[in-house]
Amino acid sequence: MLQKLPGWIVDDAASVREEVREWADTTPEERWRLAELCARDALWAIRASGHGERILSHVDPLPSSTLVALARLRRQMGWGDAS
(Lines give C-alpha, C1' and ligand atoms only; values in the text may rest on other atoms or scores of the structure.)
Protein backbone atom coordinates (compact mmCIF):
# COMPACT_ATOMS: atom_id res chain seq x y z
CA MET A 1 0.00 0.00 0.00
CA LEU A 2 1.20 3.49 -0.79
CA GLN A 3 2.34 5.62 2.12
CA LYS A 4 1.75 8.78 0.13
CA LEU A 5 -0.44 9.43 -2.91
CA PRO A 6 1.28 10.39 -6.16
CA GLY A 7 1.53 14.13 -6.80
CA TRP A 8 -0.78 14.01 -9.81
CA ILE A 9 -3.75 12.95 -7.67
CA VAL A 10 -5.95 15.89 -6.68
CA ASP A 11 -9.09 16.15 -4.57
CA ASP A 12 -12.55 16.04 -6.15
CA ALA A 13 -13.13 19.82 -6.00
CA ALA A 14 -9.83 20.56 -7.72
CA SER A 15 -10.54 17.88 -10.31
CA VAL A 16 -13.95 19.36 -11.14
CA ARG A 17 -12.54 22.90 -11.31
CA GLU A 18 -9.90 21.69 -13.77
CA GLU A 19 -12.53 19.90 -15.88
CA VAL A 20 -14.70 23.02 -16.25
CA ARG A 21 -11.96 25.66 -16.34
CA GLU A 22 -12.31 26.39 -20.07
CA TRP A 23 -16.09 26.82 -19.70
CA ALA A 24 -16.13 28.84 -16.46
CA ASP A 25 -16.02 32.25 -18.14
CA THR A 26 -18.46 31.53 -20.95
CA THR A 27 -21.75 33.36 -21.13
CA PRO A 28 -25.09 31.55 -20.94
CA GLU A 29 -25.51 32.26 -24.66
CA GLU A 30 -22.17 30.63 -25.46
CA ARG A 31 -23.04 27.59 -23.36
CA TRP A 32 -26.44 27.35 -25.06
CA ARG A 33 -24.73 27.42 -28.48
CA LEU A 34 -22.40 24.62 -27.37
CA ALA A 35 -25.39 22.60 -26.12
CA GLU A 36 -27.08 23.06 -29.51
CA LEU A 37 -23.96 21.84 -31.29
CA CYS A 38 -23.78 18.77 -29.04
CA ALA A 39 -27.46 18.01 -29.63
CA ARG A 40 -26.99 18.38 -33.38
CA ASP A 41 -24.05 15.97 -33.30
CA ALA A 42 -26.05 13.47 -31.24
CA LEU A 43 -28.96 13.61 -33.69
CA TRP A 44 -26.58 13.13 -36.60
CA ALA A 45 -25.13 10.02 -34.90
CA ILE A 46 -28.62 8.68 -34.16
CA ARG A 47 -29.76 9.10 -37.75
CA ALA A 48 -26.50 7.68 -39.12
CA SER A 49 -26.91 4.58 -36.96
CA GLY A 50 -29.79 3.27 -39.04
CA HIS A 51 -31.86 2.92 -35.86
CA GLY A 52 -33.06 6.51 -35.60
CA GLU A 53 -36.77 5.82 -35.29
CA ARG A 54 -36.25 3.16 -32.62
CA ILE A 55 -33.81 5.32 -30.64
CA LEU A 56 -35.91 8.50 -30.78
CA SER A 57 -39.15 6.70 -29.90
CA HIS A 58 -37.66 4.99 -26.83
CA VAL A 59 -39.03 6.13 -23.48
CA ASP A 60 -37.35 4.98 -20.28
CA PRO A 61 -39.82 3.43 -17.84
CA LEU A 62 -40.45 5.38 -14.65
CA PRO A 63 -38.68 4.03 -11.58
CA SER A 64 -40.92 2.22 -9.11
CA SER A 65 -40.20 4.93 -6.51
CA THR A 66 -41.69 7.52 -8.89
CA LEU A 67 -44.76 5.36 -9.55
CA VAL A 68 -45.31 4.98 -5.80
CA ALA A 69 -44.94 8.76 -5.29
CA LEU A 70 -47.37 9.51 -8.13
CA ALA A 71 -49.96 7.09 -6.71
CA ARG A 72 -49.60 8.71 -3.28
CA LEU A 73 -50.01 12.22 -4.72
CA ARG A 74 -53.03 11.16 -6.77
CA ARG A 75 -54.65 9.66 -3.68
CA GLN A 76 -53.92 12.80 -1.67
CA MET A 77 -55.43 15.01 -4.37
CA GLY A 78 -58.45 12.73 -4.89
CA TRP A 79 -57.69 12.20 -8.57
CA GLY A 80 -59.62 9.07 -9.53
CA ASP A 81 -58.02 5.75 -8.77
CA ALA A 82 -54.29 5.80 -8.14
CA SER A 83 -53.43 3.48 -11.05
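The values are calculated or read from the model by the stated rules, or taken from the named source; none is laboratory data. Here the structure is a predicted model, which is why all the values come from computation and not from measurement. Heads up: the accessible areas ignore ligands, DNA and RNA and are worked out on the full protein's heavy atoms, side chains in. Shrake-Rupley method; radii C 1.70, N 1.55, O 1.52, S 1.80 Å.
Taking the 0 to 90 degree range and rounding to the nearest ten, how far is the long axis of helix 28-48 tilted relative to the main principal axis of the chain, both from C-alpha atoms?
70
Express in Å², to the nearest 10, the accessible area of residue 20 obtained by rolling a 1.4 Å probe over the protein heavy atoms while all chains stay in place.
Counting only protein heavy atoms, the figure is 70 Å².
Keeping all protein chains in position, work out how much accessible area residue 17 exposes to a 1.4 Å probe, and write it in Å² to the nearest 10.
Taking all protein chains as shown, residue 17 has close to 150 Å².
Sorted by accessible area (1.4 Å probe), largest first, how do 74, 47 line up?
Numbers: 74 85, 47 160 Å².
Greatest to least solvent exposure: 47, 74.
Express in % the proportion of alpha carbon pairs of the chain at distances exceeding 17 Å.
On the way: 2556 of 3403 pairs.
The answer is 75 percent, as a whole percent.
To the nearest 500 deg cm²/dmol, what mean residue ellipticity at 222 nm is calculated for the chain from DSSP H runs of n ≥ 4 alone, each contributing -39,500 (n - 2.57), summed and divided by the residues?
Values: 4 runs with 50 residues, N = 83.
The helix-only estimate for the chain comes to -19000 deg cm²/dmol at 222 nm.
Heavy atoms of the protein only, probe of 1.4 Å, neighbouring chains included. What is the accessible area of residue 46 in Å², nearest 10?
That residue has around 40 Å² of solvent-accessible surface.
Ignoring ligands, DNA and RNA, what percent of the 1.4 Å accessible area of the chain is carbon and sulfur?
Answer for the chain is 61 percent, counting heavy atoms of protein chains only.
Rounded to the nearest whole Å², what accessible area per residue is found for the chain with the 1.4 Å probe? Walk me through the numbers before you get to the answer.
On the way: 7970 Å² over 83 residues.
Computed with neighbouring chains in place, this is 96 Å² per residue.
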